[in-house]
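Input: a single structure, listed below in structure tokens.
Read the figures in this text as sums done on the coordinates, not as results from a lab. Please read all numbers here as calculations on a predicted model, not as lab measurements. Virtual Cβ from ideal backbone geometry, glycine too; neighbours counted across all protein chains shown.
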Amino acid sequence: MLPVNKEIINRLLVSCVYSFFFIVSSLSNNNINITIFLIFILITSLLEFFNITKKLKNFILKLLISTIFIVAPILIIYIIKTELNNGKNLLTFLFLIVSVNDVFAYLIGSKIGKIKAFKISPNKTIEGFLGGIIACVIIGPLLINFLNINLEINSFLLSLLISIFGICGDLLESYLKRKFNKKDSGTLLMSHGGVLDRVDSILFCAPILYIIIKLN
């Protein structure tokens, strides 16, 4: 039981530190903080991606994949912050709800998870996924209200969609790592692995949030 408790503590510590930097960058009235933070994420994520896929000889394919799943989403995160109404609160919501999904999926999956979800990510369970989704649907609307975000879309539905697409982003990176026989994208964030392990869901969800807001 002790190793599990240490693992949980490590993950929560990393989440708290990472959350602090992201929220400060998101809520800052100027764009310098978010620019520096996103440049850091961009560089580290690209380095980790090319390290994961170094056995893939097709450079054009690697460039295309990294542009679609790393470069473009980071640009969209910047656009959300700088161009959308109430963008800094929207970005804060995005990060917090993805973190809620990740933390509750891990906590519930590690404690009561029995049914394995997918072969590409054998440590993840159906119970964990459901726990993360339920937590998002409960906490998401509260965050939207607390951050004073006015939305045309139902807040429960938005929270559900972000949770589901966050899972898809996590599974996509898990597939990539499994295909190239990598456990983590890196070691920078201790038990979280690399930066890409931490931001995969956010990078996948940012374009979805942007599209939803623009369509509504």
Note on the chain: contact order normalised by length, alpha-carbon pairs under 8 Å, 6 or more apart, percent, works out to 23
Hits for the chain under the membrane-span-like helix rule (DSSP H, Cα axial span at least 18 Å, Kyte-Doolittle mean at least 0.0) are 2-27, 32-52, 87-112, 126-146, 155-179, 195-215
Quick calc, the chain, dipole around Cα centre from Cβ unit charges on Lys, Arg (+) and Asp, Glu (-), nearest 20 debye, gives 820
Least to most buried among Ile76, Ile162, Ile202, by other C-beta atoms within 10 Å and fewest first, runs Ile76, Ile202, Ile162
Fewest to most Cβ atoms within 10 Å: Cys205, Cys16 sort as Cys16, Cys205
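From the Cα trace of the range 2-215, what convex hull volume per residue do you get, rounded to a whole Å³?
Taking only Cα atoms, the range 2-215 has a hull volume of 117 Å³ per residue.
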P(r) of the range 46-153 over all Cα-Cα pairs, 5 Å bins starting at 0, rounded to whole percent, reads 2, 11, 14, 13, 14, 17, 16, 9, 3, 0
In the structure shown, of Lys124/Lys177; Lys179/Lys214; Lys54/Lys179; Lys119/Lys179; Lys54/Lys81, the pairs separated by more than 23 angstrom at the C-alpha atoms are Lys179/Lys214; Lys54/Lys81
Per-residue Cβ contact counts at 10 Å, fewest first, order Glu83, Glu173, Glu127, Glu48 as Glu83, Glu127, Glu48, Glu173
